[in-house]
Amino acid sequence: MNAEGSTVLLVEDEHNLALGIAENLEAEGVRVEVVGDGVSALEHLRGQPYDLVILDVMLPGLDGFTVCDEARKSGCDVPILFLTARDSVDDRIHGLELGGDDYLPKPFHLRELLARVQAILRRRTWYASASSAGASLSFGGNEVSFRTYEARSFDHRDHQLTQKEAMILKLLSDREGEVVTRAEILDRVWGYDLYPSTRTIDNFIVRLRKRFEPDPENPHFFHTMRGVGYRFTRGDAEP
């Protein structure tokens, strides 16, 4: 496991479960801090950096979805892995669209949790490496910084991208002119194929169009390849 040396915030109010998760992560060389409610989780997130948050959805005080939403609104881009007994499709989509990175239903095997943690940290490493190689993007009067997630659009508005928006844009722009399938986006940005990918990814593309397209209904940059995926161009080619 490549998580050795990482620091994880574990937010779980079931004491025995939290103890078991913490012991297994610590055995892999991970430093773990444990809190049992949503309010404390936000306080910790605002006070210090973490490499990953493992976040239960059903918490006293503030639920995990609210914690994630508030953290993202404050500019916190730490990866978040949801743990929950709620396993409906709508709950999964909601968690992802709030900025979650993965969603593991209870009960689960600890080996699966460790694999998810490794995958999330690996994707974060990919994005950091890719962003160092190409730290910014310019297209159609838009300017994007992949390091800070800050952008300025053609109409001179400033935007703060979410981590997932930045990762999707980075992946598409690195493959400019090529069709990138939904499965590829899901694998690179989320890492698992158990999510209802079409709706989730489509919604992120809609967000990017609203930020950067002069006419989102007739896009010049983010093209839908029906039934396949998406293609990014700088506007000088027809879809």
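Find the accessible area per residue for region 28-92; the probe is 1.4 Å, ligands and nucleic acids are left out, and the unit is Å².
Dividing the accessible area of region 28-92 by its residue count gives 42 Å².
Output the 0 to 90 degree angle, nearest 10, between the alpha-carbon long axis of helix 64-73 and the longest principal axis computed from the alpha carbons of the chain.
Between helix and principal axis, roughly 50 degrees.
Would you calculate a helix-derived [θ] at 222 nm for the chain, using -39,500 (n - 2.57) for each DSSP H run of n ≥ 4 and dividing by the full residue count, to the nearest 500?
-13000 deg cm²/dmol
Once phi is turned into ³J(HN,Hα) by the Karplus curve 6.51 cos²θ - 1.76 cosθ + 1.60 with θ = phi - 60°, what whole-Hz value does each residue of region 200-208 show in order, with x for glycine and proline?
4, 5, 4, 5, 5, 5, 4, 4, 5
Got the relative contact order for the chain handy, in percent, Cα pairs under 8 Å and 6 or more residues apart? Please list the in-between numbers first.
Values: 375 pairs, mean separation 32.2, N = 239.
Relative contact order of the chain: 13 percent.
Go through region 173-182 residue by residue and turn each phi into a ³J(HN,Hα) via Karplus (6.51, -1.76, 1.60, θ = phi - 60°); whole Hz please, and just put x for glycine and proline.
5, 5, 10, 3, x, 9, 7, 10, 6, 4
Val34's amide H: which non-local residues (gap 5+, or another chain) put their own amide H closer than 5 Å, with H modeled 1.01 Å from N in plane and none for Pro or chain starts?
Leu10
Mind checking which of Ala119, Ala128, Ala27 has the largest fluctuation in a GNM of the chain, springs on alpha carbons under 10 Å?
Greatest mean-square fluctuation among the candidates belongs to Ala27.
Roughly to the nearest percent, how much of the accessible area of region 1-144 is carbon and sulfur, given a 1.4 Å probe? Walk me through the numbers on the way to the answer.
Details: 3040 of 6340 Å².
Reported share for carbon and sulfur atoms: 48 percent.
Amide H neighbours of Met225 under 5 Å, counting only residues 5+ apart in sequence or on other chains, H built in-plane at 1.01 Å?
Correct list: Tyr230, Arg231.
Taking 8 Å as the Cα distance limit and 6 or more residues as the minimum spacing, I'd like the relative contact order of region 39-163 as a percentage. Don't skip to the answer; put the middle values down first.
On the way: 152 pairs, mean separation 21.2, N = 125.
Taking the mean separation of contacting Cα pairs over the length of region 39-163, I get 17 percent.
Whole-Hz ³J(HN,Hα) for each residue in region 146-155, computed from phi via Karplus 6.51 cos²θ - 1.76 cosθ + 1.60 with θ = phi - 60°, x for glycine and proline: what do you get?
Running phi through 6.51 cos²θ - 1.76 cosθ + 1.60 with θ = phi - 60° gives 6, 7, 9, 6, 8, 8, 10, 8, 4, 9 Hz.
Starting from the amide H of Phe82, placed 1.01 Å from N in the peptide plane, find each other amide H under 5 Å away whose residue is 5 or more places distant or on another chain.
Sorted by chain and number, the residues that satisfy this are Leu55, Asp101, Asp102, Tyr103, Leu104.
The values are calculated or read from the model by the stated rules, or taken from the named source; none is laboratory data. Remember, it's a predicted structure, so these values are computed and weren't measured experimentally. SASA here: full protein model, heavy atoms, side chains in, ligands and nucleic acids out. Shrake-Rupley method; radii C 1.70, N 1.55, O 1.52, S 1.80 Å.
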